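Just below is one structure, and these are the notes that go with it.
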Amino acid sequence: MLKKDHRKPSNAVYGSKEDSRQSIPPADPNRARKDEISEAHSFRRRALAVLRSRDFYLFYILVSLFGICTLIYYFDELIDFADWEAVRHDFFYGVHDVQRLFFFAPIIYAGYVYRIKGAVIVTIAALITFLPRAIITSPFPDPVLRAVLFALVAGVIGVLTGMVRNEYERRSQLEALVRSERDRILRMLEDMEEGVFIVGPDYRIRFTNQSMAKNFGEGMGSYCYEYLHKFDSPCDEVCRLPKVMDGTTERWEYSFPDGRTFEVVASPFVDSDGAQCQLATFRNITQRKQVELELIELNQLKSELLSNVSHELRSPLTSIKGIVSSLLQEDIEWDSETRGMLLSGISEETDRLASLVTNLLNMSKIEAGVWKPEKERRNIADIINETLEQQKWVHKDQTFETDLEPGLPEVYADYNQMKQVLINLLENAVAYSEEGTKVTVRARPMDGEVEVSVSDQGVGIPPQDLEKLFDKFYRGTQQRHRPGGTGLGLAICQAVILAHGGRLWAESEIGRGSTFYFTLPVAQPGDK
Ligand code: ADP
């Protein structure tokens, strides 16, 4: 339980005036004195700081200059007054106008430091300084007029000095602003993904950003024609700099000899020194261009294919229709030999048609991703022999040979797809060879694979065609030997062999023949 303090009245108001007066200790006279001293010190310090500041020095100089000029002006009166005969000199007696000239110094100085206002105030002060002598002691007839005229001329010069200084400072501020703005723009350009460079009217490069340096190397200070094209002089007609300097924005595409293509946009740019320059951005569009070119090529190939396919479809149909119409003619009696010839003609044309339709169908299945191999353990020699039997029957004028190593291991492959590959290779071998020449199919085991090759003694393939043969719709320079081809046969072979985990390639010698090789992995114990 708290004890009640009986010494204090219960209705006492804490924090009341009396209370607070009681709580503050009585003022210490020594301390107050100390405060006064320290306040005086700090005032002195501040006053000294102001007096020592640069502004005050400038003011001292002005006052000193003015004082010296006044002293020179009134020196003769001073000598008279002080009677300093020893320092008496004629100059201080007669030439008041010349003595006044000294006042140019403080007036121009005030104009320079304190601008127009300063010049006016010091001019008025100078005029006031001239007046006592002009009014009281001057022996000349029009002393006030002379003093006023001088003050006017000196004042105008002082004011002009102030104006020039103002203008100069405004210009430097503007220049600093322009420079900082330029720096800001350049910092932004620095990080751009596109290459950026600024070229002056003298073709010298003033700026390149990181991306530009990465694409073309460091180029600051060099000539643009040297930097971009390794030329000794400007690029004559193709150079866009003069047009851009005239204020137009130019856009063009430029392909460099190394195969890179850039989209260039060049616009006028005023640099911080006021020079009209060109700011150009370089966007690397090599990939886009390549895709565009490939698309154009593909479109051309597709339209070629369409006309080839329609021709290919129509020509066997026309011959079949012709033969059938002949056979149906009732008034003609066909002997059995002719009838047989006509019927085998129909058969050949039907095979051609079937092969074409099969290739087209297979290609669209591959494109749609639905032509998946149904693999099983197979003897490759059997597939080769079966296919060759059919081909021998279709191409009776060709000589087919086989060279199959005995005991070939089984492969894990889709029977129909393998047959299609062999048919395409054999048909090409026949199509690009003269009648009666030899077509040989070989097979041998090779490090966990079986290598199969189809060789002919035909026209051969030029080296520049070898790389592209397996592209879709690509028809080599030898295509005239097989009018109406589609350029799909080898692309299908490639897709099938890759789907089996094998490789496909060709070797050839112009005029001596070609060999197409493919490999298939040997069936593993787990493969069924
Ligand atoms: P196509 O034969 O319908 O033109 P392919 O894809 O089968 O299409 O062949 C592509 C190109 O490869 C052919 O146009 C031809 O130039 C070339 N080629 C293919 N096989 C041979 C070969 N055995 N001899 C010479 N050139 C060939």
Practice task
Can you tell me which residue within the stretch 318-349, out of those that are loosely packed, with under 14 Cβ neighbours inside 10 Å and among the β-branched types (V, I, T), is nearest to A491 (Cα to Cα)?
Solution key: T318
Practice task
Being under 21 Å from the mean Cα position of the chain (by Cα), more than 30 Å from E175 (Cβ to Cβ) and among the polar types (S, T, N, Q) narrows it down to one of S233, S255, so name that one.
Solution key: S255
Fill in the blank from the handout: Scanning the stretch 486-528 residue by residue, those assigned to a helix (DSSP H, G or I), free of Cβ contacts under 8 Å to residues at least 40 places away in the same chain and within 13 Å of the ligand (Cβ to nearest atom) turn out to be Q494
Completion exercise
Within the stretch 178-204, residues open to solvent by less than 50 Å² (accessible area, probe 1.4 Å), over 16 Å from V265 (Cα atoms) and aliphatic (A, V, I, L, M) come out as L186
Handout entry: One residue from L426, L422 being more than 12 Å from the ligand (Cβ to nearest atom), within 18 Å of R352 (Cβ to Cβ) and open to solvent by less than 20 Å² (accessible area, probe 1.4 Å)
Key = L422
Practice task
Read through the list (1) of a type in the set (D, E, K, R); (2) open to solvent by 80 Å² or more (accessible area, probe 1.4 Å); (3) under 22 Å from G67 (Cβ atoms), then give the number of the only condition that R133 fails.
Solution key: (2)
Practice task
Return a yes/no flag: does the stretch 323-331 have any residue that is among the hydroxyl-bearing types (S, T, Y), part of a helix (DSSP H, G or I) and more than 58 Å from the chain's Cα centre (by Cα).
Solution key: yes
Practice task
Identify, from the list T161, T123, the residue that is over 60 Å from the mean Cα position of the chain (by Cα) and not in a loop (DSSP other than H, G, I, E, B).
Solution key: T123
Practice task
Only residues in the stretch 449-473 that are closer than 25 Å to Q398 by Cα count as the first member; pair them with residues that are open to solvent by 70 Å² or more (accessible area, probe 1.4 Å) and aliphatic (A, V, I, L, M), Cβ under 7 angstrom, at least 6 apart or cross-chain, and list the lot.
Solution key: G460/I510; P462/I510
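Residues checked against (1) at pLDDT below 85; (2) under 20 Å from F140 (Cα atoms); (3) part of a helix (DSSP H, G or I):
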residue	(1), (2), (3)
L51	yes, no, yes
Y57	no, no, yes
I68	no, no, yes
L71	no, no, yes
H89	yes, yes, no
A105	no, no, yes
I108	no, no, yes
G111	no, no, yes
I116	no, no, yes
Exercise for the section: Could you list, in sequence order, all residues of the stretch 205-226 that are surrounded by 18 or more Cβ atoms within 10 Å (Cβ to Cβ) and assigned to a loop (DSSP other than H, G, I, E, B)? Expected result: N209, G219
Handout entry: Selection within the stretch 385-433 - more than 56 Å from the chain's Cα centre (by Cα), of a type outside the set (D, E, K, R) and in a strand (DSSP E or B)
Key = T399, F400, T402, L404
Exercise for the section: Considering only the stretch 247-317, give the strands (runs of 3 or more DSSP E) lying wholly within it that have at least 2 residues that are free of Cβ contacts under 8 Å to residues at least 24 places away in the same chain and open to solvent by less than 40 Å² (accessible area, probe 1.4 Å). Expected result: 261-270
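Here is a yes/no grid of residues against (1) within 13 Å of the ligand (Cβ to nearest atom); (2) open to solvent by 50 Å² or more (accessible area, probe 1.4 Å); (3) of a type in the set (D, E, K, R); (4) part of a helix (DSSP H, G or I):
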site	(1), (2), (3), (4)
G436	no, no, no, no
V439	yes, no, no, no
R442	no, yes, yes, no
V459	yes, no, no, no
T477	yes, yes, no, no
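The values are calculated or read from the model by the stated rules, or taken from the named source; none is laboratory data. Computed from a predicted model, the values in this text were never measured in an experiment. Cβ coordinates were reconstructed from backbone atoms using ideal geometry, including for glycine residues, and neighbour counts include every protein chain displayed. Just the protein is used for accessible areas: all its heavy atoms, side chains included, with ligands, DNA and RNA removed. Shrake-Rupley method; radii C 1.70, N 1.55, O 1.52, S 1.80 Å.
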